[in-house]
Amino acid sequence: MRQIWTSNSIFNYIFWLIVSYLACINPALADEASKNILQLGEIELPATSAQMLVQTQNNTPNPEQRSGEQVVTITGVKANPTDKGVEVILETTQGDQLQVANRSTGNNFIADITGGQLRLSNGDAFTFRSEKPISGITEITVTNINANTIRVTVVGEKTLPVVELFDDNAGLIFAVASTTTAAQQPEKPSTEEKPVSEAPQEKPAARQDDPIELVVTGEQDGYRAPNASTATRTDTPIRDIPQSIQVVPRQVLEDRDVQTVSEAVETVSGVIETRSSFGGSSPIANLRSIRGFQQEDSNLRNGLRDASFLGISPIGTIEQVEVLKGPASVLFGAVEPGGVINLITRQPLAEPYYKLGFEAGSFGRYQPSIDLSGPLTTDKSVLYRFIAAYQGGGEFQDSTKAQTTTIAPSLTFRLGDRTNLNLYYEYGRYYADPATYQVPILSDGRLPPASFYPIYFQSLNSENHRLGYTLNHELNDNWQIRNNLAINFNTYLLRETFYSDLLNDRFLTGFGASTSNVTSSNYVGQIDLIGKFKTGSIFHQLLAGFDFNRSISYSGRTNGSGSLPDLDIFNPNYDVPKPEFPSAPFTDLDINQSYGVYLQDQITFSDNLKMLIGGRYDWISSSGFRPIDSDDPYQNDGAFSPRIGLVYQPSKNVSLYTSYSQSFRPSIGRNPDNKPFEPTRGTQYEVGVKADFLDGRLSTTLAAYNLTKTNVLTPNPDPELAREGFQVQVGEQRSRGIELDVTGEILPGWRIIASYALTDAQVTADNSIPSQVGNRLVSVPQNQASLWTTYIIQGGNLQGLGFGLGLFYIGERQGDLANSFQLKDYLRTDAAIYYRRGGFNTAINVRNLFNIDYVRNTFGTLYVNRGEPLTITGSVSWEF
C-alpha cells in the first residue's frame, strides 16, 4: 500500500498549491519541484507518489497519454472499520489511472476523482452514502458529478475531518480518522438503502469486523430512468409495471434544449401535439393526444391534477416528464382514455448546488436563469431551492414579441427522522405583444410566407400562481402517510383582431376585434396510506387513498365594433387605425367538483411473478359552461374504474406483461329529455414486453393495445333537433396499435432515446349524416417515429466535446373528423454540439436544421399552426 497524502498537514496544503500552480505552467517543472519540496518537508513519500500528485492536478496530459485514455469504472464502494476510524475503498484495479484533487469547505473534505465513474456490474450508476460511520463524522458520500468525475465528500461533525489517501491493489482507499483515540472502538455505522423518492430504511448494525454495507440510492444517471411513480403513486421499477410508461429525464430535456412540454414529449411514442393556440415557443394553451385521444384537462404535476390549460408550465422547474399510456382513472379520476402526462418538479437538495445559465438565439431570443439549492442549517434539517428564469425576444413571425418569467422557491423541512414537509410556490407569466398566430392553408396546400403575420393587433397576458405542500410521515418501517395540497390561480386576458375568410388565396377578410377574459382556480387535496406486509410468502405493497378536486372558472368574451380592411398575404400593410377593444366582464361560469377513493395492491407472488390490482370510485358534480345567473341543476355523475395487470419475468432482464384498465369522463351536452348523459368510457387491453440490454444500460418497451372509447356524443338523428344542438350518446371511437420505446446508453458517452408508433385510430360507431364511421381521428398520424442520440468524447484532447442528432417523423394526419383535408407528413432534423468539462457547460442547439415548412396542428383550413423554421440557440452554464 502506498500513502499518497494526508489532509491534516499544513505543509501538504502548501505543497498542493505550489505544484498545482506549476502544473498549469509546465508539468516537467512541477514534477521536479514536487521532489524538491518533499525533500525540504522531510516527508517519506516515494517518487512515484510525487508524480501522481502532479498528475492529479495536471488535466492536460501529454498526447501519448491522451490517445489511450479511458474512463475507469468503479464497480463497488466499501467502508471497513479500522482501529483508527474507517476506510472507504473505491474498488478498481486501475487506480493509478485516476487523477485526484482535494479541497475543504468548512467541515467538508472534498476529493474530486477525474477519469472515473461509479457503475455496478449491470451498468447502473450508483451513489454510496453512510451516515455517522464513526465518531465525529456526520456523513460520507461517493457520487458521480458528471460523466468523467467522482466526488468523495466527508462531512465532519465539528471540525474538518482527517483523511489520508492510499493506492492499493484493491483500489483507492480513503482512510478517515475518528475524533476519538485510537484505542477507543468506533461507533457502529448506520446505513440505509434508499430508492429515489423513498424515505430511508434502517438497516441492522454490522458486526465490528464486518464491512459496512454498500448503499445504492438508485440515482438516475443519463437517459435511462429505472423507476417511475405515475403508474402506481409509489416509486416502482418500470419493469414491474404492467402498463407502458415512458420517462423523459432532465438530461434529455437539457441536451435537446426543449422549451415547452410538447417539445419534451416528442421522443415518446404515440404522443403528439394536437392544439397550440399561439404557436411558436408559447408555453401556454397547448394540448396533446396520447394513443389517439386528446388529453383535454388530463395534465398532472407531481401526481396531482393541474387544470391550467391557459397557465404556464415552465421547463426550467421540471426534473423529468413521465407519460403513462392508457386509461389512468384508477388513480387520477376523470381523464381521457389515452393516458396522462405527469410533470415531476425539481426538489431541494441536501448538498450545495448552484447553476448560472444564459441562452441566446434566433429571432432575438435570450434567457438568463439561475438554479440554487442546498441546506440552510448545518444539520441539513432545512433545505431550499430557488429557480428563476426570464425569456425575452421575438418569434419567427414579423413583429412578434414575447416574455416568459418564472420564479420558483421551495423548502424542505426534515421534522425528525420520519417526517418530511415540502413547501413550494411557483409564479409564471407569459406576455406577448403580439404572440405567434395561426395562418390559412392555401388551395394548393402551400402556406403563406413564414414571416407573415396574419392579423393587425394582439396582446396577451397570462399569469399563474402555484403553491402547496407535501407531507410524508413514516408510522414505522413499513407504513407511511402522505398528504398533498396543490392550489393553482390563473388569470388570462387576450385582446386581438381576427379574420374569418380567405379570398382568392391572397386576401384575409372579415376582420373583427374581441377581448377574452378568464380567471380560474383549482384546488386539489389528497391523503394516502402506503404499507408493506406479507401474507404467508406473498408480499404486498398497499395504497389506499382519498382525493378532492374543485375547479372554478369565470370567463367573458366581447366582440368590438368597427371594421378593418382586408390583409394582403403577399404584400401586407399594417398601417391602419387601432380598433377599440371592449372590456369583457364575466358572463359564464364553470364549476367542477369531485371526490374519489381508491385502493391498490402491488402483489409479489415470487421474484418473477407480480400482480397489480386496484379500483377507484368517483363522485363528480359539473356545471358545464353556463351563464353566471343560471339556476340549472348541476350534472352529477359516479363511476367505478378498475385496473388489473400481471407481470412475468423469465429472467432479470425481461418482463412480459398484460393488463386491463378502464377510464371515464363526464359528458356535458344537450339531451332532448333533459336527463344527464352517461360518462364516456375508455376500455383498454394491453400486452407487452420490457427488456434491458447491454448489462442493463439500454431499456426497451414494446407494447400492443386495443383501446375503445364509448358513449361518445353524436348529433341527434332528428335534423331539427340536431340544428338546435341536441345530441344522442351512441358514438364509439377505437384506437389500436403497436409502440416501441428505447432509451439508455449504448457505449460510454453514447446515449439514445428513440420511439416508433403505429396507430390505427378511427370512428367505429356514429350517428352523423353523412356517417363518419371508418374516418380517422383528428391529428393522429398512422406512423410516427423519433430518434435523439448524443455522444460525448470520454478522453483525450477533445474530452468533453459532444454531438447530438435528432430525427422526428410525423405521418399524414386528418385535419378534421370528417376527413375533409389532410396535413402532410414531415421529417424534421435537429442537431447539437456540446462542450462540458467539470461544471462548465456550453452548447449550440439547432432545431429544424434543413428549414422544412410543416404544420404542427390545425383548427381547420383557415387556422393552422406551422412549425418553427431553422432556429439556433447558444447556451452557456456553470455548475458549482
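The values are calculated or read from the model by the stated rules, or taken from the named source; none is laboratory data. Keep in mind it's a predicted model, so treat the numbers as computed, not measured. FYI the Cβ positions are ideal-geometry reconstructions off the backbone, even for glycines, and counts take in every protein chain you see. We work out accessible area using only protein heavy atoms, side chains counted, and drop any ligands, DNA or RNA first. Shrake-Rupley method; radii C 1.70, N 1.55, O 1.52, S 1.80 Å.
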Carbon and sulfur atoms account, in whole percent of the 1.4 Å probe accessible area of the range 220-277, for 39
Helix-only [θ] at 222 nm, the chain, -39500 (n - 2.57) per DSSP H run of 4+, per residue, nearest 500, equals -2000 deg cm²/dmol
Taking Lys and Arg as +1 and Asp and Glu as -1, residues besides residue 570 with C-beta under 10 Å from its C-beta add up to -1
Bounding extents of the chain in its principal axis frame from Cα atoms, largest first in Å, are 102, 69, 45
With the charge dipole of the range 485-599 built from beta-carbon charges (+1 for Lys and Arg, -1 for Asp and Glu) about the Cα centre, the Cα from 577, 535, 515 projecting farthest to the positive end belongs to 535
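Under a point-charge model restricted to the Cβ atoms of Lys and Arg (+1) and Asp and Glu (-1), what is the dipole moment magnitude of the range 310-437 relative to its Cα centre, in debye to the nearest 20?
Around 240 debye, computed over the range 310-437.
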The range 337-360 and the range 545-601 have their Cα centres apart by a whole-number Å value of 29
At the level of C-alpha centres, the distance separating the range 365-433 and the range 793-824, in angstrom, is 29
In order over the range 840-853: 3J(HN,Hα) from phi, Karplus 6.51/-1.76/1.60, θ = phi - 60°, whole Hz, x for each Gly or Pro, gives 8, 9, 9, 7, 10, 10, 10, 10, 6, 3, 9, 6, 6, 9
Once amide hydrogens are built 1.01 Å from N within the peptide plane, the residues lying 5 or more places from residue 396 or on another chain with amide H under 5 Å from its amide H are none
Rg (one decimal) and Dmax (whole number) from the Cα set of the range 298-399, in Å, equal 17.8, 55
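For every other residue with a beta carbon closer than 10 angstrom to the beta carbon of residue 253, add +1 if it is Lys or Arg and -1 if Asp or Glu, then tell me the sum.
Every neighbour counted, the sum reads -3.
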Inter-part gap, Cα centre of the range 839-880 to Cα centre of the range 449-501, in whole angstrom, is 22
Packing-ranked peptide list from 240-253, 429-442, highest mean Cβ count within 10 angstrom first, is 240-253, 429-442
Cα-Cα longer than 23 Å, checked against 380/532; 84/132; 610/690, kept in input order, equals 380/532
Out of 805, 725, 772 - ranked by how far each Cα lies towards the positive end of the dipole of the range 717-850, with unit charges on the beta-carbon of charged residues - the top one is 805
Answer in debye to the nearest 20: the dipole magnitude of the range 540-584 about its Cα centre, from +1 Lys/Arg and -1 Asp/Glu charges placed on Cβ, is 320
Whole-Hz Karplus couplings 3J(HN,Hα) for the range 654-666, θ = phi - 60° and coefficients 6.51, -1.76, 1.60, Gly and Pro as x, run 10, 10, 9, 9, 8, 7, 10, 8, 10, 9, 8, 7, x
Surrounding charge for residue 738, neighbours by C-beta under 13 angstrom, Lys/Arg +1, Asp/Glu -1, total -1
The chain accessible area per residue, 1.4 Å probe, protein heavy atoms, integer Å², reads 42
Once the in-chain neighbours fewer than 8 apart are removed, the aspartates and glutamates whose Cα is under 16 Å from residue 534 read 477, 601, 607
Placing each pseudo-label 7 Å from Cα in the direction of the beta carbon, residue 561 and residue 583 end up separated by a distance in nanometres of 1.7
Counting only protein heavy atoms with a 1.4 Å probe and every protein chain in place, the carbon and sulfur fraction of the accessible surface of the range 695-853 in whole percent equals 60
About its Cα centre, the chain carries a charge dipole, from +1 on Lys and Arg Cβ atoms and -1 on Asp and Glu Cβ atoms, whose size in debye to the nearest 20 is 380
A 1.4 Å probe over the protein heavy atoms gives the range 324-432 a carbon and sulfur accessible-area percentage of 61
Contact order relative to length for the chain, counting C-alpha pairs under 8 Å separated by 6 or more residues, stands in percent at 9
